[in-house]
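Worksheet: one structure, shown below.
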Amino acid sequence: MVLKMVFRVFVDGLAEPKNPGIGTYGFVIYRDGKKFEEGRGIAGKMVTNNYAEYVALVEALNRISNNKDEEVLVFSDSKLLVSQMRGEWKSRRGMYKAKLEEARNIASKFKKIEFIWIPRERNKEADKLSREAYSEYLRLG
C-alpha cells in the first residue's frame, strides 16, 4: 500500500506602501504536518496585492510540481484568489490576469488540489514572510 502525502500550502501577497506598490509574497509549504519549504520575494514594482497573491501561489506550486499525484490543499486569506481558483468568480481585466492563468495552468496538473479561504489570523507565517520580503527590499533599496 502506498501512502499519499498531503501538502498544505499557505500563500500571501501584499503591495506596499500602497496598492499598487512594491509587491512582495510569502509562502509556507507543509508536507504531512512537517514544514517542507518556505519562500519569499519581490513580485514586482507598481503591482497590486492581487498580483502578488498570485505570484505567491505560482511560486509555491512550482516548488511542489514534481508531486502531482499528491493531495494539495492551498490556504489563502484572499477571497479573490480562492474564489477565482475554484472557478466561482470570473476574472476581469487586471494586471494579475496573466498570473491567474499561469496559476490555473500549474494547478490543473495536480490530481487533487483544493483552495480554502482562511482568515488573516490563520495565515500569519505567509504574511510574515511577505512583510519580511518588503523590509528586505527597503533595506537593500
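None of the figures in this text is laboratory data; all of them are computed from the coordinates on show. This one's a predicted model, so the numbers in the text were calculated from it and none came from an experiment. Every residue, glycine as well, gets a Cβ built from its backbone with ideal geometry; the counts of neighbours run over all protein chains shown.
Listed by Cβ neighbour count within 10 Å, with the fewest neighbours leading, Arg131, Arg93 appear as Arg93, Arg131. Compactness of the chain is given as radius of gyration and Dmax, 14.5, 52 Å, from Cα positions. Helix 49-63 and the longest principal axis of the C-alpha atoms of the chain enclose an angle of approximately 40°. Cα centroid separation, segment 70-86 to segment 1-54: 11 Å.
Using R0 = 35 Å, the C-beta based FRET efficiency linking Trp117 and Met95 works out to 0.95.
Here the relative contact order of the chain, from alpha carbon pairs under 8 Å that lie six or more residues apart, stands at 32 percent. Pairs with C-alpha atoms separated by more than 21 Å, drawn from the list Lys34/Lys128; Lys45/Lys97; Lys35/Lys128; Lys90/Lys128, are Lys90/Lys128.
Converting phi to 3J(HN,Hα) with the Karplus coefficients 6.51, -1.76 and 1.60 and the offset θ = phi - 60°, segment 15-24 yields 10, 10, x, 8, 10, x, x, 6, x, 10 Hz in sequence order, with x at every glycine or proline.
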